[in-house]
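Worksheet for the structure shown next.
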Amino acid sequence: MPYKLLKLAQINADSALQSRVRIDETIVAEYAQALSEGAKLPALTVFFDTATYWLADGFHRLAAARLAGGFEVEVDVRSGSRREALLHSLGANAAHGLRRTNEDKRKAINGMLADFSDWSDKRIAKHVGVSDKTVATRRAAIFGISEDASPARTVERGGRAYLQDTTNIGKRPAIQPAPPSVESDATTQVVEQRVKSENAGVGSHSTQVEIDSGAAYANSRVSRDEYSSAAASEDTQSDDDVWTENASLRDRVSALNRQIDSLKETDRGAEIHRLSQLVLNLENRDHAASEKLKQQEKQLKWFGSRFADLRKLLNVKYDRDVVTAVNQLKVAK
């Protein structure tokens with residue numbers, strides 16, 4: 001929509017949409033004086049949702065127009081809801097306008113984290129005009145967790161934003177050790193010696209006994225080695241199966257623990273976010289009521305000063321006599 005003139009009463013200056021902590025009365029007075037002298041201030045920015053004109057930028061200029069006794073003001077009308085007006089307001093004055101205080105910056109960051117907490121620290125920082133480190137510090141102070149602690153994060157691809165689960169990003173898959181290898185060097189060679197003795201006698205019998213005894217010992221050793229090798233193979237196979245099963249169970253337990261931690265963190269983050277937003281809303285309402293009261297007091301003071309000038313000019317004592325004196329002047333003319 002193009003620029004247009006709106007009556008001051010048509011503009012909803014919801015103080016909760018004000019990105020600054022407070023209205024600077026000195027600046028308002030300076031702007032009002034400039035308007036009284038015929039100066040033209042930049043147009044206000046409002047968002048129109050077919051029912052309400054939400055003020056998004058120009059709270060000091062609007063207050064000055066009211067103080068100067070104006071009835072209408074030039075505005076830049078944009079199509080959008082109250083939330084879009086809030087988003088615009090939180091990013092306004094980052095590079096122009098009245099210099100922001102650290103309190104103003106903190107309030108803007110708090111507002112972004114309250115209504116746009118799914119935005120990344122870098123994206124919020126760019127919108128508000130601060131460093132992403134400052135945003136990360138405020139996020140940790142409000143929610144008790146950092147941006148990286150959340151398993152879901154808003155990412156942008158091809159101009160579109162969506163949530164991405166970042167739980168396993170940057171983590172290497174668990175490397176399972178290889179099962180122990182079985183090396184066997186149980187190679188037994190059985191040497192049978194058959195000695196044919198052509199000589200009879202005791203020597204021949206003794207030699208045969210020694211040979212038979214050696215053969216029996218060799219056979220016995222082979223049997224023991226074969227049994228040990230088979231038993232070792234069986235034990236190794238059993239250990240492999242147990243190791244594989246334990247590794248599988250450990251992976252399942254780890255996965256379940258990650259899911260539980262993620263759920264706990266999500267629940268805790270959601271609850272902290274809800275409570276933090278409630279506190280911020282209460283603070284905004286209190287601030288809005290306070291600012292409205294200050295503005296009304298300022299207007300009453302301004303009107304009182306103008307009536308004092310009129311009383312002095314018309315030489316009357318009370319405000320109620322001003323109207324009568326003015327009417328008499330009209331009749332005299």
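Thr188 meets the stated requirement of being surrounded by 12 or more Cβ atoms within 10 Å (Cβ to Cβ), at pLDDT below 55 and not charged (D, E, K, R). Go through (1) of a type in the set (A, V, I, L, M, F, W, C); (2) more than 12 Å from Gln18 (Cα to Cα); (3) in contact with a strand residue (DSSP E or B) (Cβ under 8 Å, 6 or more places away or on another chain); (4) in contact (Cβ under 8 Å) with a residue 60 or more places away in the chain and name the single condition Ala85 misses. Condition (2) is where Ala85 drops out. Can we say Asn110 is free of Cβ contacts under 8 Å to residues at least 24 places away in the same chain and farther than 27 Å from Gln299 by Cα? Here the answer is no, as Asn110 does not meet what is asked. Scanning the range 60-77 for residues that are charged (D, E, K, R) and under 15 Å from Pro42 (Cβ atoms) gives Arg61, Glu74, Asp76. For the range 14-47, filtering for residues that are more than 19 Å from Arg100 (Cα to Cα) and under 31 Å from the mean Cα position of the chain (by Cα) leaves 3. Regarding the range 46-64, can at least one residue be identified that is in contact (Cβ under 8 Å) with a residue 60 or more places away in the chain and under 19 Å from Lys292 (Cβ atoms)? Yes - at least one qualifying residue is present in the range 46-64.
If you take the residues in the range 1-57 that are small (Gly, Ala, Ser) and in contact with a strand residue (DSSP E or B) (Cβ under 7 Å, 6 or more places away or on another chain), which one is surrounded by the fewest Cβ atoms within 10 Å (Cβ to Cβ)? Spell out the reasoning first.
Initially, the range 1-57 is screened for residues small (Gly, Ala, Ser), giving 9, 13, 15-16, 19, 29, 32, 34, 36, 38-39, 43, 51, 56.
With in contact with a strand residue (DSSP E or B) (Cβ under 7 Å, 6 or more places away or on another chain) added as a condition, the list becomes 13, 43, 56.
Numbers: Ala13: 21, Ala43: 18, Ala56: 27.
Here the residue is Ala43.
Among residues of the range 295-321 that are surrounded by 10 or more Cβ atoms within 10 Å (Cβ to Cβ), those with a Cβ under 8 angstrom from a residue that is of a type in the set (Phe, Trp, Tyr), sequence gap 6+ or separate chain, pair up as Arg311/Tyr318; Asp319/Phe307.
The set of residues in the range 72-113 that are surrounded by 19 or more Cβ atoms within 10 Å (Cβ to Cβ), out of contact with any Phe, Trp or Tyr (no Cβ under 6 Å at 6 or more places or on another chain) and hydrophobic (A, V, I, L, M, F, W, C) comprises Val73, Val75, Leu86, Leu87, Leu90, Ala92, Ala108, Ile109, Met112, Leu113.
The values are calculated or read from the model by the stated rules, or taken from the named source; none is laboratory data. Keep in mind that what you see is a predicted model, and the values were worked out from it rather than measured. Every residue, glycine among them, receives a Cβ derived from its backbone with ideal geometry; neighbour counts consider all protein chains shown.
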